[in-house]
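*Asks:* This is the structure I have questions about; it appears just below.
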Amino acid sequence: MSEHSVSISWSHQEGEFLKGRFSRVHTWKFDGGLEVAASASPSVVPLPYSSQEAVDPEEAFVASLASCHMLTFLFIASRRKFEVVRYEDHSVGHIEENEAGIPWVSQVVLRPQVEYAGEHKPTPEEEAEMHRLAHEQCFISNSVRTAIDIRPGSDTR
């Protein structure tokens, strides 16, 4: 099939590593050359040892699920001749402890809002079916055990 790679880079700059007082800020480098500042979430590792401005793995996980769902949805909509002109999603990941007391992303709620052009627009049932198919066909959602709840049209920004 295909292979996807990313490089991460971190180095100790200052602080007391053995006491846990060191920066978790690092860099993600993608195969196309894009570099992204990444860090542990400040909700997990307090400032100044994390960065509020950087992307954390939990956010990236939620973004990956939302992006895959959107891309699959757009493909399905195009095949059904529904012209999408705008797609927005304000997704949220929920972390809780599992049976062993280990935190995990137990649920991701996707809140896609889709705008269509022209006269040929899906009924609410057709749009729900496209979201269902997008969820079933998304590579990322098929790779995780996290519950994914899709709530089209809702926005809780």
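*Asks:* Just to be sure, is LEU65 of a type in the set (A, V, I, L, M), at pLDDT 95 or above and not in a helix (DSSP H, G or I)? Spell out how you get there, then give the answer.
*Replies:* Working: of a type in the set (A, V, I, L, M): yes; at pLDDT 95 or above: yes; not in a helix (DSSP H, G or I): no.
Answer is no for this residue.
*Asks:* Just a yes or no: is a residue in the range 115-138 closer than 24 Å to ILE8 by Cα and not small (Gly, Ala, Ser)? Quick ask: steps written out before the conclusion?
*Replies:* Initially, the range 115-138 is screened for residues closer than 24 Å to ILE8 by Cα, giving none.
The answer is no, given that none of the residues of the range 115-138 is closer than 24 Å to ILE8 by Cα and not small (Gly, Ala, Ser).
*Asks:* Right, next: Of the residues that sit in the range 72-81 and are under 17 Å from GLY153 (Cα atoms) and not small (Gly, Ala, Ser), which one is surrounded by the most Cβ atoms within 10 Å (Cβ to Cβ)? It would help to see each step written out before you state the result.
*Replies:* To start, the set of residues in the range 72-81 that are under 17 Å from GLY153 (Cα atoms) comprises 73-74, 77.
Restricting the remaining residues to those that are not small (Gly, Ala, Ser) gives 73-74.
Details: PHE73: 26, LEU74: 16.
Among residues in the range 72-81 that are under 17 Å from GLY153 (Cα atoms) and not small (Gly, Ala, Ser), the one surrounded by the most Cβ atoms within 10 Å (Cβ to Cβ) is PHE73.
*Asks:* Name, by its number, the condition in (1) more than 15 Å from the chain's Cα centre (by Cα); (2) part of a loop (DSSP other than H, G, I, E, B) that does not hold for PHE139.
*Replies:* For PHE139, the exception is condition (1).
*Asks:* Of the conditions (1) within 21 Å of TRP10 (Cβ to Cβ); (2) at pLDDT 95 or above; (3) acidic (Asp, Glu), GLU83 satisfies every one except a single condition; which number is it?
*Replies:* (1)
*Asks:* Within the range 32-69, take every residue that is among the acidic types (Asp, Glu) and either closer than 24 Å to SER141 by Cβ or in contact (Cβ under 8 Å) with a residue 40 or more places away in the chain (or both) and give me the one that is surrounded by the fewest Cβ atoms within 10 Å (Cβ to Cβ).
*Replies:* From the range 32-69, those among the acidic types (Asp, Glu) are 35, 53, 56, 58-59; that's our starting set.
If we keep only those that are either closer than 24 Å to SER141 by Cβ or in contact (Cβ under 8 Å) with a residue 40 or more places away in the chain (or both) too, we end up with 56, 58-59.
Numbers: ASP56: 20, GLU58: 18, GLU59: 14.
The qualifying residue surrounded by the fewest Cβ atoms within 10 Å (Cβ to Cβ) is GLU59.
For (1) out of contact with any Phe, Trp or Tyr (no Cβ under 7 Å at 6 or more places or on another chain); (2) farther than 30 Å from GLU127 by Cβ, each residue gets a yes or a no:
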{"position": "TRP28", "(1), (2)": "yes, yes"}
{"position": "ALA38", "(1), (2)": "no, yes"}
{"position": "SER50", "(1), (2)": "yes, yes"}
{"position": "ALA60", "(1), (2)": "yes, no"}
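*Asks:* Ok, one more. Select from the range 5-56 the residues that are part of a strand (DSSP E or B) and of a type in the set (Asp, Glu) and write down the one among them that is farthest from the chain's Cα centre (by Cα). Please lay out each step first, then the result.
*Replies:* Step one: filter the range 5-56 for residues part of a strand (DSSP E or B), giving 6-9, 15-16, 21-22, 26-30, 35-38, 55.
Those still in the list that are of a type in the set (Asp, Glu) too: 16, 35.
Numbers: GLU16: 32, GLU35: 17 Å.
Per the criteria, the residue is GLU16.
*Asks:* Related question: Take VAL114 and decide whether it is at negative phi, of a type in the set (Val, Ile, Thr), at pLDDT below 95 and more than 14 Å from the chain's Cα centre (by Cα). If you could, list the steps in order and put the result at the bottom.
*Replies:* On the way: at negative phi: yes; of a type in the set (Val, Ile, Thr): yes; at pLDDT below 95: no; more than 14 Å from the chain's Cα centre (by Cα): yes.
Here the answer is no, as VAL114 does not meet what is asked.
*Asks:* Let me confirm something: among VAL85, VAL92, which residue is of a type in the set (A, V, I, L, M) and under 22 Å from ASP56 (Cβ atoms)? Walk me through it before giving the result.
*Replies:* Numbers: VAL85 fails: under 22 Å from ASP56 (Cβ atoms).
Every option except VAL92 fails the conditions.
The values are calculated or read from the model by the stated rules, or taken from the named source; none is laboratory data. Because the structure is a prediction, the values reported are computed rather than measured. Because the Cβ atoms are built from the backbone with ideal geometry, glycine has one as well, and the counts that use them run over all protein chains shown.
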